[in-house]
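The values are calculated or read from the model by the stated rules, or taken from the named source; none is laboratory data. All values reported here derive from a predicted model rather than from experimental measurement. All Cβ positions, even for glycine, are placed from backbone atoms using ideal geometry, and neighbour counts span all protein chains on display.
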Amino acid sequence: MEYDSNTPLYYKVQNYILDLIKSNQLKEGDFIPTEMELSNMFHISRPTVRQGLNTLASKGYLKRQKGKGTFVTKPKIIQENTRFIESYNREMNKKGLISETKVLEISIKVCPDILLEKLGVDEGEKIIKLKRLRYAYGEEEQDNKPILLTTVYIPFKKFPNLMLYDFEKRSLYEVLEENNIFIKKAVREIEAKLSNKETSKLLEISEGSPIHYISSFGYGEDGSVIEYSESIYPGERNKFIVEINR
């Protein structure tokens with residue numbers, strides 16, 4: 001890569017490391033060369049090297065570990081569902097990311113007591129349960145891990161044909177809209193929790209890792225509940241934007 005005389009020297013280090021990450025020569029968890037090694041490699045001072053590394057760290061590509069060195073991390077995905085009502089696929093595509101879904105369960109059940117009030121259904125009524133792992137990654141990325149585990153519950157009477165769709169290829173919100181069912185309002189509650197054994201295994205994180213837990217209600221035009229969901233985002237892979245206007 002060529003640089004003109006006006007290009008800051010720390011760009012050399014920054015782009016060198018970034019190229020190694022994007023070409024998968026440096027993978028998540030790998031330690032990068034030391035500041036001294038990079039200083040000698042590029043014939044620039046250690047403070048200049050540090051500036052380049054700090055820039056990559058601020059963007060989420062690197063993390064420093066005291067006494068051990070600096071290792072590669074994966075930038076967190078900015079989730080904006082606290083600002084907009086939009087399908088997961090659309091949101092990821094707008095960020096230039098490839099989205100994938102793995103359906104873990106889709107089934108019809110008698111609504112458990114704990115969900116009766118949440119879904120506004122009577123005892124003995126049926127509901128549809130849809131549990132999915134969601135992925136998002138750039139074109140050059142490999143060895144991708146899930147960024148979201150989500151379980152959604154829908155009253156069976158709202159959409160009895162839901163089971164006919166392939167939700168590894170289709171978005172739930174898009175399918176709802178195709179059938180003239182529109183989510184007009186969403187209420188979401190965010191909590192910070194620690195992952196349990198089952199969740200950790202599915203999300204490929206260590207047990208007890210920080211997670212964002214979001215419970216969400218989606219309401220239709222008549223004010224009734226269309227869907228209730230519980231979503232778990234690994235804290236190490238996600239961050240959220242909340243926009244407030246005055």
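Look at (1) of a type in the set (A, V, I, L, M, F, W, C); (2) farther than 28 Å from residue 241 by Cβ; (3) modelled with pLDDT under 95 and you find that residue 182 fails only one, number (2). Among the helices (runs of 4 or more DSSP H) confined to region 26-116, the ones with at least 2 residues that are free of Cβ contacts under 8 Å to residues at least 24 places away in the same chain and over 24 Å from residue 238 (Cα atoms) are located at 35-42, 46-58.
Just one of the listed residues (160, 210) is closer than 18 Å to residue 129 by Cα, without any contact (Cβ under 8 Å) to a residue 60 or more places away in the chain, assigned by TED's automatic domain parsing to the domain that holds residue 108 and surrounded by fewer than 15 Cβ atoms within 10 Å (Cβ to Cβ), and it is 160.
The set of residues in region 217-246 being among the aromatic types (Phe, Trp, Tyr), buried (at least 18 other Cβ atoms within 10 Å of the Cβ) and within 24 Å of residue 74 (Cβ to Cβ) consists of 233 alone. Within region 7-20, residues that are free of Cβ contacts under 8 Å to residues at least 24 places away in the same chain have Cβ atoms under 6 Å from residues that are crowded, with 16+ Cβ neighbours inside 10 Å in these pairs: 20/26, counting only partners at least 6 apart in sequence or on another chain.
In this structure, residue 223 does not qualify as outside the structural domain of residue 60 (by TED's automatic domain parsing), at pLDDT below 95, not hydrophobic (A, V, I, L, M, F, W, C) and not in a loop (DSSP other than H, G, I, E, B). Please determine, by comparing only the residues of region 192-205 that are out of contact with any strand residue (DSSP E or B) (no Cβ under 9 Å at 6 or more places or on another chain) and exposed (fewer than 12 other Cβ atoms within 10 Å of the Cβ), which one is farthest from residue 150 (Cα to Cα). Among those residues, the one meeting the criterion is 197. In this structure, is residue 126 over 30 Å from residue 73 (Cβ atoms) and either surrounded by fewer than 20 Cβ atoms within 10 Å (Cβ to Cβ) or of a type in the set (D, E, K, R) (or both)? Yes, satisfied.
No other residue among 110, 103 is exposed (fewer than 13 other Cβ atoms within 10 Å of the Cβ) and either at pLDDT 95 or above or over 15 Å from residue 227 (Cα atoms) (or both) apart from 110.
Note on region 156-180: among residues that are touching a strand residue (DSSP E or B) at 6+ places or on another chain (Cβ under 6 Å) and not in a helix (DSSP H, G or I), the one that is farthest from residue 114 (Cα to Cα) is 168. Scanning region 185-206 for residues that are hydrophobic (A, V, I, L, M, F, W, C), touching a residue at least 40 places away in the same chain (Cβ under 8 Å) and within 26 Å of residue 243 (Cα to Cα) turns up 186, 190, 192. Restricting attention to region 17-40, the residues that are over 19 Å from residue 60 (Cβ atoms) and of a type in the set (A, V, I, L, M) add up to 2.
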